[in-house]
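The block underneath contains the structure these notes are about, expressed in structure tokens.
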Amino acid sequence: MSHQKKLIGAFIVGALLLAACGGSSSDGGDAAVGGGLSATDEGIKDGGTLFILDHSTGATNLDPQRIYTGADLGFLGSTITRTLTSYTPIAGKKGTELIADLATDTGTPSEDVKTWNFTLRDGVTFEDGAAIVCDDIRYGVSRTFASEMTGDEGPLYAKSMLDVAGEYPGPYTATADQQAAFEKAVECSEDGKTITFHLKNPVADFNYTVALLSFAPVPKAKDTADKYTLKPVSSGPFMVQSYEEGKELVMVRNPNWNQDSDPVRKPHLDEIRWQFGLEESVIDERMIADAGDDQMTIVYGTIQPENLQTVFEDPKFADRRTDGFDGFVSYTMINIKKVPCLEVRQAFWLALDREALRTAAGGPYTGVFADSFINPLLAVDYTPGTVTEGLNVDGTPNVEAAQAKMDAAKVSCPEVHKYATEQGLRFDHGQSDLWAKLISIWIDSLGAVGIKIIDNAIEPSKYYATINQDPGDLMRAGWAADWNNASTVVPELFTKEGGFNYSQNWEDPAYAAFSEQVNLAKGETDRVKQAKLWQETNQYVLDQAWAVPGSFTKAQNLVGSRVRNAYQWLPFGWYNVGAIGLAE
Amino acid sequence: MLSFVCRRLFFAVILLFVVSAFTYVIFAALPSDPAALTCGKNCRPEVIAQNRVRLGYDKSIPEQYGNFLKGIVSGRTYGAGEGVHCPAPSLGYSFRKHQCVTDLITRTLPVTASVALGAFVLWMLIGIGLGTMAALKRGRWPDRLATGFSVIGISLPTFFIGLLGIMVFVIWTGLLPFPRYEGITADPAKWFMSLILPWFTLAVVSASSYIRLTRNGILEVMNEEFVRLGLAKGLKRRTLIVKYVMRAALLPIVTIAGLDFAALLGGAVITESVFSLPGMGKLSIMAVNDSDLSILVATTLVAATFIVIANALVDILYGFLDPRVRTY
Amino acid sequence: MNSKVPLLSIRDLQVSFNTREGLVRAVDGISFDVEHGESIGIVGESGSGKSVMVNAILRLNFATEVIVKGEILFDGVDLLKLSEAEMTRIRGREIAMIFQDPLSALNPFYTVGHQIGEAYLVHHPDASKSEVNRIVLNALDKVGIPEAAKRIKSYPHEFSGGMRQRIVIAIALVNDPKLLIADEPTTALDVTVQAQILDLIQSLREQSDSAVILITHDLGVVAETAQRVMVMYAGRAAESSTVTSLFEAPSHPYTQGLMRSVHSLENSSRGSLKSILGVPPSLINLPGGCAFRPRCSHQLGDQSKCNTDKPELRLVGKSNVACHLPDEIIKSNSVSDV
């Protein structure tokens, strides 16, 4: 997560919260979504130890209910945590296809898509050999409700979607009645083989939702609440042997996992050692040197900017380097309540010197200019958006076009024009060294068309809380999808019900039509039709300029020379770590 | 002498209380809200409010401090439902690390102590050895060598020396494996190997000032009248240097060394970072990054405790070593 | 001992050391003799080279590099040619020394008993513990430390300055040395204590038959204790004679100046100190000729020998004087000016 934190500081400015929602670093399996390593079992000799080098001092979390970011979801999902459904373990777009994991199929919805049924496979067990039953999954899901304990960091879809009557505070403090109410929303069959989820509203892609680790099984008897994250019980091919914060996480093979029951995972390694707390410059030097054990090493994090040239200009790294989208899009929210004037919002977009901002942040390696809020990694949903007319594709400002918009605004919405040019727009962003530099580009480029910017740097850890209570006129943020469906993008960011909508766009008369369209998309079970609807709603936001996209951010990486099959697993934006093998 | 020791120890205990109260109040006075840090990114205001009550952060600061002290004496339970119990002496519970702070400290302290102890021995040997050599061969090449060494050590940052060590001995020549800390009880050989570079890095940096201190101290004492009297008595040069010069010259170094060592026990922040040693310094850095007050209070307190104890010990030791300090 | 050979005979002693600013000639060609049992005073301002000279005798240049030339014959043996090991046998046993500042001359970390005993033990390594103890008690007794047995285990800081100087003297005399060098032994002490210490040195000298070299800047001290006196200026001897003749007829213009400053000190209750004009010369790169020339009240002109030649000691009347002035002028001055 610290890497995401860094990214936020550098480019996507948002809160921890925003950073924690989706994809992470590195390469793409498709040529279309960035260079990466090929997916192949060729040359792999089973066994051996894979090392993961990490600057951060520990794993974000090992507790499935507390996991949110793509890399962590993918890592734990491929090693120790199984879910009802999962994604096809393959490079490229096909990797975003849902397949059954603990369940026998990808789930059966009711007619109204408000009830979903999953049947558990035979022979699925925890690391202690105990069979995984419906109760374990139900108990796991219930832990996400304990917001002061295990529900503090993971996604809240269970909470917002499940039809639980009354308040449910999670399993630790619930009364018998509250617990009964929850167990009515998540039903288990007599034989413990079938689990039924009752939802408040229709959710067409709920079977994607249950692929999140927050729907993973936890054996109640082994739950240690807050401390479960230190020693979770495995259901996958690996299990945690030891974990010491600041030092090392060691995973070994789980003897009670059997290949026949698992269509998703095909492990080659005997052992995975995740080593924490390394200096970033040391990690880079070791990866570049590629000596000894470092040949069997991958990195959680990205190459330092100062080493990018070395790695990308020397052909000897061609087989080991990766460069791809990390799943995030950076964008600027505009407070519609304060800036209810399309022309001013468009003028803002046209005048902003995005090229200067990118250069200051590190140039093209940091990302490409975005034309949508839906990331290209969401291969089904993404299509290039149509941006405001006159916007320069090279990211440079179009002062003329912007000035024309401002002139028009003077007539159409003089109040807003006056507000933007005289009082000035308050711009909220996370505080960082980089932003101290970037802010002057904002002030200068927008000042060219008379828009005044009032700098409001907020301490990163308090960013979300601050703008939640007191949104500025402009707010910087970043977002990545929670699963491969723009249902975790467009509604989350731009509907009133969404978790991260600070634009207050429901004040806009144009909102009603948008909202209707989104609801339509949410209930659409035909994935292709649904994608079409997401593209339309996304374009609607661009047209209304409720928010302005910045960049699809990228990350670069190196792997050791003996590492094989380190393809990018698109749903998670990182390697399918559990599938990595080592060459002799 | 006994009363001097007792008085000094009593004073140290008082000082510990003052330091702990002071530390606690300072951190309590910080504008960050410890309750807001207990529930990650899904914190809603009502959850924060619940946690504030549950963790006692709604109480007055003196009351919180009282509870904190109580926790040290008799342990404490934190969190919701059955919560998590930390047995005495409990220095708090970290909701970021999901562990009792005391456990975190007892796990990281041996690492820091390993680093500190080895580095201390090394740097005292290097510092006093080279310093003495420089003083005795003043103006000649050993002096220049030692002074040059000390200039390098003082002017290069620890971080740089550490990285250089890794580059040269690990990455370029492969003479040493990349240091991964292993407990001394688990694997003494690995423990030793993993600490060679950190020890030398710290020793080079710290020895520099000790070279100067020793050299200047010896030269100063050599000019003392009592040394000339010793010579005039007919004492041999060697006797004179050991019995007269070194004893007097090293006495002030005892004080500084004691405090330096204690400060190091509080965490060798940079060295631990460079060599990714999971010690107290690293723990503190993590806590700062996470705004984890529960850990920061504890590490600060532990570090301060070491300094206070070292101060008292040095004073007492001084009493034994220097008759002028003793008070009867 | 052969009574024809002086106990100590210093021949053309030169002591100099290199500094960044240049060569410092602290002692620039001094010769004198000390007979057995004799007491000689060496007088001069600070910086005149007298302390450097006596340190050179015992080769106490411990911390600094010095260049010593000439001869220091002790009982006919040139100390400058001895090895360091041979020299340690001379120090403290044959020649002992008392230092200026008793507060810093004693090692603060050891008891006074230990320090006195150490001085004895180093030259009597086979001495038994009880013997050493007896010697130490005796020494403390001799120098007038009351309740010696009790104070044997005390540390230097528990004594007053005067008492500490007595202990230093005890250390010096514990081996009955043939020569005692006292380097400004009373300068750092209170006036009342000064006399006691001088009396002590005097009476101890009379009891034993040690010769004494007393270094001082105070002519009064010399008058009380010494038989012969040598006045030093800028590393050279300015005048050498018996105490009686020096006080009766100071011959060198510098000696005369010193005399006047003593008298004026005694005579004037406050203020105007009638002393020698000017300041002692820097010893770095001294110009040729008489070092006292710039401060001399007799100016013989630019062409005189004062500008070119260093004056050597020669007998004028009852004193040996190093001055280019004609004998008559020296003689007449010595009478009229005082």
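The values are calculated or read from the model by the stated rules, or taken from the named source; none is laboratory data. No experiment lies behind these values; they were computed from the predicted model shown. Using ideal geometry, Cβ is built from the backbone for each residue, glycine included, and neighbour counts are taken over all protein chains shown.
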Quick check on the range C:38-51: of everything there that is surrounded by fewer than 24 Cβ atoms within 10 Å (Cβ to Cβ) and farther than 17 Å from C:S241 by Cα, which residue is farthest from the other protein chains (Cβ to nearest Cβ)? C:E45
Determine whether the range B:175-186 contains at least one residue that is part of a helix (DSSP H, G or I) and either farther than 22 Å from A:E244 by Cβ or at pLDDT 90 or above (or both). no
Go through (1) in contact (Cβ under 8 Å) with a residue 12 or more places away in the chain; (2) surrounded by fewer than 24 Cβ atoms within 10 Å (Cβ to Cβ); (3) under 18 Å from C:Q115 (Cβ atoms) and name the single condition C:E184 misses. (3)
I'd like to check which helices (runs of 4 or more DSSP H) are fully inside the range A:149-243 and have at least 2 residues that are polar (S, T, N, Q) and farther than 16 Å from A:R82 by Cα. A:176-185
Which residues, taken from the range A:255-306, are facing chain B (nearest Cβ under 9 Å), in contact with a strand residue (DSSP E or B) (Cβ under 8 Å, 6 or more places away or on another chain) and polar (S, T, N, Q)? A:Q275
Is it true that some residue in the range C:183-202 is within 12 Å of chain B (Cβ to nearest Cβ), closer than 22 Å to C:S240 by Cβ and not aromatic (F, W, Y)? yes
Please pick out the residue among C:L137, C:L80, C:L103 that is at the interface with another protein chain (Cβ under 10 Å from one of its Cβ atoms), surrounded by fewer than 20 Cβ atoms within 10 Å (Cβ to Cβ) and assigned to a helix (DSSP H, G or I). C:L103
Going through the range A:514-530 in order, the residues found to be in a helix (DSSP H, G or I) and either free of Cβ contacts under 8 Å to residues at least 24 places away in the same chain or touching a helix residue (DSSP H, G or I) at 6+ places or on another chain (Cβ under 7 Å) (or both) are A:F514, A:S515, A:E516, A:Q517, A:V518, A:N519, A:L520, A:A521, A:K522, A:K529, A:Q530
Working carefully through the options B:D187, B:D143, find the one that is acidic (D, E) and away from chain A (no Cβ under 14 Å). B:D143
Give the range B:277-286 a look and list any residue that's more than 10 Å from every other protein chain (Cβ to nearest Cβ), of a type outside the set (S, T, Y) and more than 17 Å from A:V282 (Cβ to Cβ), or say none. B:M280
When C:G92 is evaluated against the numbered criteria (1) within 7 Å of chain B (Cβ to nearest Cβ); (2) on the phi < 0 side of the Ramachandran plot, which criterion, by number, is the only one it fails? (2)
Looking at this structure, is C:V68 surrounded by 22 or more Cβ atoms within 10 Å (Cβ to Cβ), touching a strand residue (DSSP E or B) at 6+ places or on another chain (Cβ under 6 Å), more than 28 Å from C:P156 (Cβ to Cβ) and more than 14 Å from chain B (Cβ to nearest Cβ)? no
Right, A:A408: free of Cβ contacts under 8 Å to residues at least 60 places away in the same chain, of a type in the set (G, A, S) and farther than 21 Å from A:E355 by Cα or not? no
Matching entry among B:V227, B:V308, B:V314 (being in a helix (DSSP H, G or I), within 14 Å of chain C (Cβ to nearest Cβ) and touching a residue at least 12 places away in the same chain (Cβ under 8 Å)): B:V227
Name the residue that is surrounded by the fewest Cβ atoms within 10 Å (Cβ to Cβ), counting only residues in the range C:140-159 that are assigned to a loop (DSSP other than H, G, I, E, B) and either in contact (Cβ under 8 Å) with a residue 12 or more places away in the chain or in contact with a Cys (Cβ under 7 Å, 6 or more places away or on another chain) (or both). C:K153
Residue satisfying condition, being polar (S, T, N, Q) and under 15 Å from the mean Cα position of the chain (by Cα), within set C:S46, C:S16: C:S46
Just give me the residues in the range C:1-41 being charged (D, E, K, R) and assigned to a loop (DSSP other than H, G, I, E, B), in sequence order. C:K4, C:R20, C:E21, C:E35, C:E38
All-but-one check, A:S242 against (1) buried (at least 17 other Cβ atoms within 10 Å of the Cβ); (2) hydroxyl-bearing (S, T, Y); (3) within 13 Å of chain B (Cβ to nearest Cβ), failing number (1)
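Table: residues versus (1) buried (at least 23 other Cβ atoms within 10 Å of the Cβ); (2) under 15 Å from A:W483 (Cα atoms).
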site: A:I67; (1), (2): yes, yes
site: A:G70; (1), (2): yes, yes
site: A:G74; (1), (2): yes, yes
site: A:G77; (1), (2): yes, yes
site: A:I80; (1), (2): yes, no
site: A:T83; (1), (2): yes, yes
site: A:Y87; (1), (2): yes, yes
site: A:T96; (1), (2): no, yes
site: A:T104; (1), (2): no, no
Residues to consider are B:I126, B:I105, B:I152; find the one that is within 14 Å of chain A (Cβ to nearest Cβ) and at pLDDT below 95. B:I105
Restricting to the range B:200-232, name every residue that is of a type outside the set (D, E) and surrounded by fewer than 22 Cβ atoms within 10 Å (Cβ to Cβ). B:F200, B:S209, B:R212, B:L213, B:N216, B:L219, B:V221, B:N223
Give me the helices (runs of 4 or more DSSP H) completely within the range A:1-80, filtered to those with at least 2 residues that are away from chain B (no Cβ under 14 Å), modelled with pLDDT of 50 or more and in contact with a strand residue (DSSP E or B) (Cβ under 7 Å, 6 or more places away or on another chain), ordered by residue number. A:70-79
